[in-house]
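Note sheet for the following structure.
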Amino acid sequence: MENLIRFVNKKINDLNISDYTFKSLFNIIHDQGDLIFSERIVNFSISSTSYKSIKEKIIKVSSVIDNFIRSEKGNFIGLLMDNSDEFIILFWALLAKGYKPLLLNKRFISNLLNECLDLTSCKVVISDTSIDLNSQVINYLDIINCDDQILYDINANDWANEIALSTSATSLNIKICIYDGTSICNQIINSKYIIRKNRMIKSRYEGKIKLLAFLPFYHIFGLIACYFWFSFFGRTFVFLNDYKPNTILESVRFHKVTHVFAVPMLWNEIAKNILVNAKKQDKTELLNKSLDKSIKLQSIFPFLGKKIILKKFGEVNNQIFGNSIRFCITGGSYINQETLKIINGIGYPLFQGYGMTELGITSVVLDKKARNRINNSIGKPFENVYYKINDNELVVKSECMCNRILSKDGIININKDEYYKTNDLANINNGYYYINGRKDDLCVNEDGENISPDIYEREISIDHAINYSLISLDGKKLSLIIQVGRNTNSIIKNIICNDIDKAINDLSSLGIYLSDCFITSDPLKNPNAIKISRTILKKQINDNSIKLTPLKEFKDTNNNYDNNEVCEIVKNIFACVLNKDVKDIKNDDHFVIDLSGNSLEYLTLISDLEKEFIISFDNKEYQLYSVNDFTNYILKYYER
């Protein structure tokens with residue numbers, strides 16, 4: 001541990017005596033020899049790249065990149081790529097040759113990307129995907145694989161010293177935030193504060209620290225908290241071949257990842273699956289008691305308690321990330337408090353952070369005691385960041401902030417001696433800050449008080465809905481919008497209705513009375529977005545692109561289920577698993593004897609039926625082999 005502390009202090013000292021430019025930062029990061037920069041699964045084995053190798057590739061690419069770019073030095077060049085070695089190589093090669101990287105959001109559709117290009121006068125985009133934009137688009141492989149090379153000293157170049165990121169466009173107004181080397185270096189200095197406050201972030205597994213490169217580097221959270229914080233100290237990134245749920249889980253286990261930083265969407269989904277599985281097995285009460293005991297133990301003995309809990313929840317964790325996880329951060333949007341309890345409770349230390357594209361990362365909860373990590377605080381500001389609350393709004397001052405903001409409304413030059421208005425509602429308790437929603441989401445409750453939907457949305461749970469949102473459609477009263485599947489069966493619809501009734505009662509007990517409740521099968525958010533934008537959702541509802549059904553009408557048409565409906569659903573799943581025509585399956589056919597199903601197909605059948613009906617089948621007690629067997633079991637299960 002002492003060697004690690006000396007190493008950290010040396011790196012920070014190297015930065016402090018530098019000129020705080022990207023050029024200096026490049027040299028500090030890449031002067032780490034044979035330390036492993038990245039890992040990736042290739043042909044069922046791990047392929048790794050060292051920091052030395054990455055530096056050599058950056059030098060090579062920077063020597064040829066001018067052959068492809070038709071733009072003057074000092075201009076912005078778009079980088080439209082997923083996380084990879086090549087992203088990092090091109091990022092630094094552009095800076096080294098005097099171009100300013102514009103990190104483009106791959107979730108954006110073409111018209112939003114074109115708006116980013118227009119705002120920055122960007123005429124060239126390097127991309128890992130084929131796309132038609134209002135600029136020259138270059139395939140990244142053409143540059144990476146170019147054999148021409150001129151050997152030279154990369155430090156002799158006239159380096160650029162600015163990069164640009166876009167906001168997430170949740171307010172229908174794209175903003176481009178420009179950062180210089182000084183702002184980024186100040187962000188890195190904040191990592192020293194985290195390491196000093198909580199040594200869990202330095203924890204290793206089998207002597208190594210590996211970070212899952214899940215958050216995109218074109219997002220401020222991914223760029224700062226993942227790439228810069230960890231590359232600065234020579235840590236290893238695990239790159240994903242794709243972002244499918246199974247790929248994420250298997251990659252963490254296979255690479256023995258120690259650190260996972262992600263948006264609430266990932267953590268909420270993991271927590272939801274844990275709850276659903278507990279409910280299937282009638283173990284919800286047992287799970288809640290175990291989580292309470294876990295949080296208590298980890299609050300009394302933070303490090304020993306975590307080790308004990310990882311073993312206790314070993315069976316659960318083996319289905320998720322395994323037992324290598326040492327430190328996790330969530331950020332980017334609001335997270336369900338129950339999720340914080342579940343993830344921390346199963347032994348994965350999950351800390352909540354706060355930041356904005358305009359500000360960078362400004363705080364992280366750093367309590368070692370688990371009970372202080374599950375109360376939805378965003379922690380205390382870093383040493384070179386200052387928080388204040390003005391009229392219930394969080395305002396921030398810091399040397400880490402961006403230098404200027406470009407939007408269709410013009411250019412805003414940031415004065416770092418002044419406080420920046422975040423539009424986030426906040427309060428402070430015992431020095432810890434809490435975010436209570438957005439100012440532009442406020443509405444008026446029946447008692448005349450302004451209320452924030454975010455606060456009360458965290459207090460309800462509609463587990464079997466795809467999504468839901470508390471929103472004020474008229475700026476005065478709250479409505480609850482619930483998204484369900486287009487082909488949701490009646491049993492699940494009935495469960496959702498019960499969940500909605502409970503949510504409405506829970507809100508009423510808090511003094512919140514809804515004006516309306518609607519159901520839709522239309523998506524409430526972009527499938528790749530990290531959160532629902534109420535601004536965009538309200539616009540979609542107003543222009544009728546999202547169709548709403550009143551709750552009463554939904555209940556009247558969907559609250560009954562019978563033998564025939566369940567039987568048909570079961571039979572169709574039989575047919576799908578066995579790759580047979582549904583007409584060839586009789587209700588009393590034996591899965592193995594009559595339909596020639598094998599053991600693997602039977603396990604698939606069980607899994608598909610459990611997902612469809614949110615149920616757990618105990619085949620040791622019940623011999624379930626025909627459509628009738630499963631239908632009767634399901635009906636009896638829901639009659640209890």
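Whole-Hz Karplus values for region 272-289 come out as 4, 5, 4, 5, 5, 5, 5, 5, 4, 9, 6, 10, 4, 5, 5, 4, 4, 5 Hz, taken residue by residue from phi with 6.51 cos²θ - 1.76 cosθ + 1.60 and θ = phi - 60°; glycine and proline positions read x. Assuming charge only on the beta carbon of Lys and Arg (+1) and of Asp and Glu (-1), the dipole of the chain about its Cα centre is about 2320 debye to the nearest 20. Using a probe of 1.4 Å on the protein chains alone, the accessible area found for residue 565 is around 60 Å².
Give me the angle, in degrees from 0 to 90, between the Cα long axis of helix 627-639 and the longest principal axis of the Cα atoms of the chain, rounded to the nearest 10. Between helix and principal axis, roughly 90 degrees. The largest accessible area among 316, 627, 577 belongs to the first residue in 316, 577, 627, and the rest follow in falling order (1.4 Å probe, all chains).
As an exercise, use a Förster radius of 25 Å and the Cβ-Cβ distance of residue 421 and residue 383 to find the FRET efficiency, rounded to the nearest 0.05. Taking R0 as 25 Å, the efficiency between residue 421 and residue 383 is 0.65. Taking 4.7 Å between C-beta atoms as the pairing limit, the chain has these partnerless cysteines: 116, 122, 146, 185, 226, 328, 400, 443, 497, 517, 567, 576. The phi torsions of region 260-270, fed into the Karplus equation with coefficients 6.51, -1.76 and 1.60 and a -60° offset, translate into couplings of 10, 10, 8, 7, x, 3, 5, 5, 4, 5, 4 Hz, rounded to whole numbers, with Gly and Pro shown as x.
Can you pull out the GluC sites (Glu not before Pro) in region 1-82 whose DSSP state is coil and whose Cβ has at most 13 other Cβ atoms within 10 Å?
72
Residues whose amide H lies under 5 Å from that of residue 366, counting only those 5 or more places away or on a different chain, are 380; hydrogens are built 1.01 Å from N in the peptide plane. To check you understand DSSP bridge types, tell me what percent of the beta bridges within the chain (both residues inside) are antiparallel, rounded to 5. The antiparallel fraction comes to roughly 60 percent. Shape summary: region 311-449 maps onto an equivalent ellipsoid whose semi-axes, from the alpha-carbon gyration tensor, are 32, 19, 14 Å in decreasing order. Against the chain, whose longest principal axis comes from its Cα atoms, helix 563-578 is set at around 50 degrees.
Database remark: amide H of residue 625 closer than 5 angstrom to the amide H of 630 (H placed geometrically; neighbours at sequence offset of 5 or more, or on other chains; Pro and chain starts carry no H). Shape of region 1-72 from its Cα gyration tensor (a ≥ b ≥ c, root eigenvalues): rounded if a/c is under 1.5, otherwise prolate when a/b > b/c, or oblate? It is oblate, given that a/c is not under 1.5 and a/b is not larger than b/c. For the chain, count all C-alpha to C-alpha pairs, find those more than 47 Å apart, and express that count as a whole percent of the total. Summing the P(r) of the chain above 47 Å gives 20 percent of all pairs. How much of the pair distance distribution for region 232-282 lies past 13 Å, counting alpha-carbon pairs only, in percent? Tail of the P(r) past 13 Å holds 68 percent of the pairs. The simple spin-label model puts a point 7 Å past each Cα toward its Cβ; for residue 137 and residue 553 those points are separated by 4.0 nm. Estimated at 0.36 nm per residue, the fully extended path between residue 632 and residue 44 surpasses their Cα-Cα distance by 207.4 nm.
In a DSSP loop and with at most 15 other Cβ atoms within 10 Å, the trypsin sites (Lys or Arg not before Pro) in region 299-387 are 369.
For residue 403, the residues whose modelled amide H falls within less than 5 Å of its own, excluding neighbours fewer than 5 places apart on the same chain, are 178, 179, 180.
Semi-axes of the equivalent ellipsoid of region 1-147 are 30, 19, 15 Å, computed as sqrt(5λ) over the eigenvalues of the C-alpha gyration tensor in descending order. Accessible surface computed residue by residue for region 1-142, with neighbouring protein chains in place and a 1.4 Å probe, gives 44 Å² per residue.
Dividing the convex hull volume of the alpha carbon atoms of region 255-363 by its residue count gives 102 Å³ per residue. More than 13 Å apart: what percent of Cα pairs in region 51-111 qualify? The calculated P(r) of region 51-111 puts 62 percent of pairs beyond 13 Å. What's the angle, to the nearest 10 degrees (0 to 90), between helix 302-312's Cα axis and the longest principal axis of the chain? With rounding to tens, the tilt is 40 degrees. For region 174-203 and region 302-358, what is the centre-to-centre distance using only Cα atoms, to the nearest Å? Using only Cα atoms, the two centres lie 21 Å from each other. Counting only heavy atoms of the protein chains and using a 1.4 Å probe, residue 534 has close to 30 Å² of accessible surface. For the chain, what is the calculated [θ] at 222 nm in deg cm²/dmol (nearest 500), taking -39500 (n - 2.57) for each run of four or more DSSP H residues and dividing by its residue count? Here the helix-only value at 222 nm equals -11500 deg cm²/dmol.
Of the trypsin sites (Lys or Arg not before Pro) found in region 385-439, the ones in coil according to DSSP and having at most 12 other Cβ atoms within 10 Å of their Cβ are 408. Each of 90, 50, 101 was placed along the dipole of region 38-141 (beta-carbon charges, centred on the mean Cα), and the one lying farthest toward the positive end is 50.
Using a cut-off of 17 Å between alpha-carbon atoms, which lysines can reach residue 421, once sequence neighbours fewer than 8 places away in the same chain are excluded? Here the lysines satisfying the reach criterion relative to residue 421 are 175, 388, 397, 439.
The values are calculated or read from the model by the stated rules, or taken from the named source; none is laboratory data. Owing to the predicted nature of the structure, the values given are computational and were not obtained by experimental measurement. All Cβ positions, glycine included, derive from the backbone under ideal geometry; neighbour counts span all protein chains shown. Side chains included, ligands, DNA and RNA excluded: accessible areas come from the protein's heavy atoms. Shrake-Rupley method; radii C 1.70, N 1.55, O 1.52, S 1.80 Å.
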